[in-house]
Amino acid sequence: MTQAMPAVSECSVTSCSYNSDVSCHAGAITIGGDHAHCGTFIDISFKGGLDVRGSVGACHRSECRHNERLECSAGAITVGAGQDVADCLTYSPR
Ligand code: SF4
């Protein structure tokens, strides 16, 4: 059974090349690393992404209450500065 990927409802990391108007435009992001870091964040000299709202493709934070089988089950997430420049701010440990 397929289900819609959770939207990135807001991303305040305007330095990211996928960010436009405080909104993520990556096809799908991955959350992971040693905390709930956005692994898709990239700060380079040109803008990328699609004319769509970004969504969560995969998440490695299995200890998050929204995580099911390494996928995010939240209705939507927000991304912004946390422990790092671009973290999932919806992260909530079980
Ligand atoms: S809310 Fe939890 S499960 Fe969803 S992307 Fe963020 S850290 Fe991963």
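Have a look at SER92, SER45 and point out the one that is more than 11 Å from ILE31 (Cα to Cα), modelled with pLDDT of 95 or more and near the ligand (Cβ under 9 Å from one of its atoms).
Testing whether each residue is more than 11 Å from ILE31 (Cα to Cα), modelled with pLDDT of 95 or more and near the ligand (Cβ under 9 Å from one of its atoms) leaves just SER92.
If I filter region 48-75 down to residues being within 9 Å of the ligand (Cβ to nearest atom) and assigned to a strand (DSSP E or B), which single residue comes out as surrounded by the fewest Cβ atoms within 10 Å (Cβ to Cβ)?
Residue satisfying both the conditions and the ranking: GLU68.
Would you point out the residue of region 18-33, among those that are assigned to a loop (DSSP other than H, G, I, E, B) and closer than 15 Å to ASP51 by Cβ, that is nearest to the ligand (Cβ to nearest atom)?
Result: ALA28.
On the basis of being at pLDDT 95 or above, within 13 Å of the ligand (Cβ to nearest atom) and not in a strand (DSSP E or B), does SER15 make the cut? Let's see the steps before the verdict.
Values: at pLDDT 95 or above: yes; within 13 Å of the ligand (Cβ to nearest atom): no; not in a strand (DSSP E or B): yes.
It is false that SER15 is at pLDDT 95 or above, within 13 Å of the ligand (Cβ to nearest atom) and not in a strand (DSSP E or B).
The values are calculated or read from the model by the stated rules, or taken from the named source; none is laboratory data. Small disclaimer: the values here were computed from a predicted structure and weren't measured. Note that each Cβ is placed from the backbone with ideal geometry, even for glycine, and that neighbours are counted across all protein chains shown.
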